[in-house]
1. What residue, of GLY39, GLY73, is in contact with a Cys (Cβ under 7 Å, 6 or more places away or on another chain) and either surrounded by fewer than 24 Cβ atoms within 10 Å (Cβ to Cβ) or closer than 16 Å to GLY100 by Cβ (or both)?
2. Could you tell me which residue of segment 173-192 is farthest from GLN123 (Cα to Cα), considering only residues that are over 20 Å from the mean Cα position of the chain (by Cα) and of a type outside the set (D, E, K, R)?
3. Answer yes if at least one residue in segment 205-219 is more than 22 Å from the chain's Cα centre (by Cα) and either within 20 Å of ARG306 (Cα to Cα) or not small (Gly, Ala, Ser) (or both), and no otherwise.
4. Could you pull out the residue among THR65, THR51, THR55 that is buried (at least 23 other Cβ atoms within 10 Å of the Cβ), over 18 Å from VAL183 (Cβ atoms) and either at pLDDT 95 or above or not polar (S, T, N, Q) (or both)?
5. Can you find a residue in segment 197-209 that is touching a strand residue (DSSP E or B) at 6+ places or on another chain (Cβ under 7 Å), not in a helix (DSSP H, G or I) and not hydrophobic (A, V, I, L, M, F, W, C)?
6. Can VAL76 be described as assigned by TED's automatic domain parsing to the domain that holds ARG116, closer than 17 Å to PRO273 by Cβ and among the hydrophobic types (A, V, I, L, M, F, W, C)?
7. Consider only pairs whose beta carbons are under 9 Å apart and that are at least six residues apart or on different chains; among these, list those whose first residue lies in segment 110-123 and is of a type in the set (Gly, Ala, Ser) and whose second residue is crowded, with 20+ Cβ neighbours inside 10 Å and not in a helix (DSSP H, G or I).
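The values are calculated or read from the model by the stated rules, or taken from the named source; none is laboratory data. Remember, it's a predicted structure, so these values are computed and weren't measured experimentally. We place every Cβ from the backbone using ideal geometry, glycine too, and count neighbours over all the protein chains shown.
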Amino acid sequence: MQNYVDGVKEFVENHVIALTVTFVAVVGVLALRRWMAGGVCRSKARLDGKTVLITGANTGIGKETALDMAQRGARVILACRDMTRARIAADDIRQRSGNGNVVVKKLDLASLQSVRDLVKDVQENEERLDILINNAGIMMCPKWETEDGFEMQFGVNHLGHFLLTNCLLDLLKKSAPSRIVIVSSVAHQKGRMHFDDINLDKSYSPEQSYRQSKLANILFCRELAKRLQGTGVTAYSLHPGVIRTELGRHFLSTLAMWKKMILMPFLLLIKSPWEGAQTTIYCAVDESQADVSGLYYSDCAVKQPRPQALDDAAAKKLWDLSASMVGLG
């Protein structure tokens, strides 16, 4: 036994620097991981008797948000393109939450007709809508077009949600106080609105398109909040964080193998879907935010977006252009 103790002591003495560096590195990584995890919604608010509609809720942060809403007692509508995956997600949410009031409805945001069909379904079959969460999105895909001929990222991330939200406003107002939560991204920081070439036909890049669509989300929220003043309906936009979800599949598929290998260690540090859903949940339920509207959030706190996201003239211009594109009077 003494020989063992002496051996350990000798090892520690001979490797004190290496052990110290290793210890500091591990502590640093754990601290960085904790920081990357971001804020957590602490609200215990119940949603019994309320209805929540979430787009893209069959996976990632959308599914985690849906699970949280179900656990709070809400009737939860998963509005999804892939009905098979949506039904599987709904079954899982019912089982994990103990809430059987979780339903699936078809929604393809790349089709304005699909949006209108969902709206008709909701208007005919739902008595109320308390929370609308515009969560679905597509990230850095090739130059694809929606069914209606719009550039895919702008069409799905902004225009589809723009039409959906506007068509559901009467029900949201009827159910007030109610909330609209729009999932944007920190990517808006390098974005700009290409009003002279909104579909980026002259010059397209996946990054440029994604940044424009995420900037559009914040500008939409800003103008929406102005138009909803006095109605009891409030609007919020947010950056959920960098998250391990399927959203980045198009981006990752374009990277060379050596770049993917470099990224692998960093993927261990980024948020889980549960962590990434916290700011969405915060905006949807936290009591402290009930009387504010039009603001931008990250890590469960109000943050200042970049100046181009605070441009009221651009927000109004985007609204008018979007209304024209989707056929709203």
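1. Working: GLY73 fails: in contact with a Cys (Cβ under 7 Å, 6 or more places away or on another chain).
So the residue among GLY39, GLY73 that is in contact with a Cys (Cβ under 7 Å, 6 or more places away or on another chain) and either surrounded by fewer than 24 Cβ atoms within 10 Å (Cβ to Cβ) or closer than 16 Å to GLY100 by Cβ (or both) is GLY39.
2. Filtering segment 173-192 down to residues over 20 Å from the mean Cα position of the chain (by Cα) leaves 173-177.
Okay, now just the ones that are also of a type outside the set (D, E, K, R), so 175-177.
Values: SER175: 12, ALA176: 16, PRO177: 18 Å.
Only one residue tops the list, namely PRO177.
3. Scanning segment 205-219 turns up no residue that is more than 22 Å from the chain's Cα centre (by Cα) and either within 20 Å of ARG306 (Cα to Cα) or not small (Gly, Ala, Ser) (or both).
4. Step by step, each of THR65, THR51, THR55 is checked, and only THR51 is buried (at least 23 other Cβ atoms within 10 Å of the Cβ), over 18 Å from VAL183 (Cβ atoms) and either at pLDDT 95 or above or not polar (S, T, N, Q) (or both).
5. We begin by selecting, within segment 197-209, every residue touching a strand residue (DSSP E or B) at 6+ places or on another chain (Cβ under 7 Å); these are 199-200, 209.
Adding the requirement that they be not in a helix (DSSP H, G or I) leaves 199-200.
Applying the additional criterion that residues be not hydrophobic (A, V, I, L, M, F, W, C) yields 199.
For segment 197-209, residues touching a strand residue (DSSP E or B) at 6+ places or on another chain (Cβ under 7 Å), not in a helix (DSSP H, G or I) and not hydrophobic (A, V, I, L, M, F, W, C): present.
6. Values: assigned by TED's automatic domain parsing to the domain that holds ARG116: yes; closer than 17 Å to PRO273 by Cβ: yes; among the hydrophobic types (A, V, I, L, M, F, W, C): yes.
Against the criterion (assigned by TED's automatic domain parsing to the domain that holds ARG116, closer than 17 Å to PRO273 by Cβ and among the hydrophobic types (A, V, I, L, M, F, W, C)), VAL76 qualifies.
7. Partner pairs satisfying both residue conditions: ALA110/ILE138; ALA110/THR146; ALA110/PHE150; SER111/THR146; SER114/LEU107; SER114/ASP108.
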